[in-house]
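The values are calculated or read from the model by the stated rules, or taken from the named source; none is laboratory data. Since we're looking at a predicted model, the values are computed, not measured. Here Cβ is always computed from backbone atoms with ideal geometry, including for glycine, and neighbour counts include all displayed protein chains. Surface accessibility is based on the protein's heavy atoms, side chains included, excluding ligands, DNA and RNA. Shrake-Rupley method; radii C 1.70, N 1.55, O 1.52, S 1.80 Å.
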Amino acid sequence: MTSYPQLPADEAWPSLPLDAWEPTRATLHRWMQIVGKTRLAFAPMQNHWWQVVLYASARGMTTTPMPHGERTIEVEFDFIDHRLIARASDGDVAALPLVPISVADFYEEYRELLRSLGVKLRIWPRPVEIANALPFPLDREHAAYDADAARRFWRIIAQTDRVLKEFRGRFLGKCSPVHFWWGSFDLACTRFSGRLAPRHPGGIPNMADAVTREAYSHECISVGWWPGSAPVLEPAFYAYAYPEPAGCPEAKIRPAAAGYNMGLRQWILPYEAVRLASNRDAVLLEFAQSTYDVAADLGGWDRKALERR
């Protein structure tokens, strides 16, 4: 287990090098997919699959209430007390400790947790958006949980959520909530022009192309944060447009630490550039606004009609 300095209560934007918590990140990614698929099983369909996402909470990450017959249920990762808590609207509560156990064990214990509340869960028991991934019931390879790293991860999510909500408020057009995609393991906010998009090519590992095409059915510009993965082996903020208009790679954006990654076809701002800034909110908002400005102008969006003045 990686040793971190004790996190001060007032350190809102902690460090989180990818290599320092990779075993925990990989395990937590799969645990959160299992819980996220609960939303896929119970929540009614929404455009772009918005019904399946997780949300930042005051203590971690939550499903928010999901319908289950005439009751509602909610599941929350508590990254302060390190518990997984399931609550039902009739007052029933059950919990599991978040400790180092395998994905296979977590899968079985989580299903039993829900059964104790009268909830029978049936999901496709395989990770999505992860190449060559073991099914949940067979995965005893991923079994790490560094509580301090998990808390740091959530603190970054909470701060990013707060700032992106301010950015979201500037837009009058159709816009997603600030939400967490458990498949790609990132927090995102997406704006839409209102026009249909070209058919997405698909090709995401372990995910049907029809799912991707629903997600990208309309022109959009997205901004968000993720803990990093190849080819960006550090936590980073990202922004991209679909479809990408000509000129994005050469366009000038802000701040100076940000740039365009040709492999991802996204703008990337290293998390450390924000964490070490004197005004972190301003730096992140500058990145979100400047990338949107470029993509919207190059894409011919009707900005006068879509933006709050």
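Among PRO17, PRO198, PRO270, which one moves the most in a GNM of the chain with springs linking Cα atoms closer than 10 Å?
Of PRO17, PRO198, PRO270, the most mobile in the Gaussian network model is PRO198.
Taking 8 Å as the Cα distance limit and 6 or more residues as the minimum spacing, I'd like the relative contact order of region 65-144 as a percentage.
Normalised by residue count, the contact order of region 65-144 is 24 percent.
At 0.36 nm per residue, and after removing the present C-alpha to C-alpha distance, how many nm does the segment from LEU134 to ASP105 gain when stretched out fully?
Net length gain for the segment: 9.1 nm.
Could you give the accessible area per residue of the chain, probe 1.4 Å, as a whole number in Å²?
44 Å²
Restricting to lysine pairs 8 or more places apart or on different chains, what number in the chain have Cα atoms under 22 Å apart?
Counting lysine pairs in the chain gives 5.
Relative contact order of the chain: what whole-number percent is it, with Cα pairs under 8 angstrom and at least 6 residues apart?
Numbers: 562 pairs, mean separation 50.4, N = 309.
Relative CO of the chain lands at 16 percent.
Estimate the FRET efficiency between ALA12 and GLN51 by the formula 1/(1 + (r/R0)^6), using the beta-carbon distance for r and 30 Å for R0, to the nearest 0.05.
The formula returns an efficiency of 0.50 here.
Please determine, in degrees from 0 to 90 and to the nearest 10, the orientation of helix 103-115 with respect to the longest principal axis defined by the Cα atoms of the chain, where the helix direction is its Cα long axis.
That works out to roughly 70 degrees.
Considering amide H positions built from the backbone, and no H for Pro or chain starts, which residues 5 or more places from ALA197, or on another chain, come under 5 Å of its amide H?
HIS218, GLU219
Counting alpha carbon pairs within less than 8 Å and at least 6 residues apart, what relative contact order, in whole percent, applies to region 219-309?
Computed value for region 219-309: 29 percent relative contact order.
Mind pulling the angle between the C-alpha long axis of helix 280-298 and the longest principal axis of the chain? Nearest 10 degrees, somewhere in 0 to 90.
60 degrees
So what is the diffusion coefficient of region 163-283 in µm² per second by Stokes-Einstein at 25 °C and 0.890 mPa s, using a Kirkwood Rh over Cα pairs?
159 µm²/s
Could you work out how far helix 18-42 tilts from the main Cα principal axis of the chain, as a 0 to 90 degree angle to the nearest 10?
80 degrees
Give me the percent of accessible area attributable to carbon and sulfur for the chain, probe 1.4 angstrom. List each step's numbers first, then the result.
Values: 7230 of 13520 Å².
Of all accessible area on the chain, carbon and sulfur atoms account for 53 percent.
Given the options VAL119, VAL283, VAL223, which has the most mean-square fluctuation in a GNM of the chain, springs set between C-alpha atoms less than 10 angstrom apart?
Among VAL119, VAL283, VAL223, the largest mean-square fluctuation in the Gaussian network model of the chain belongs to VAL119.
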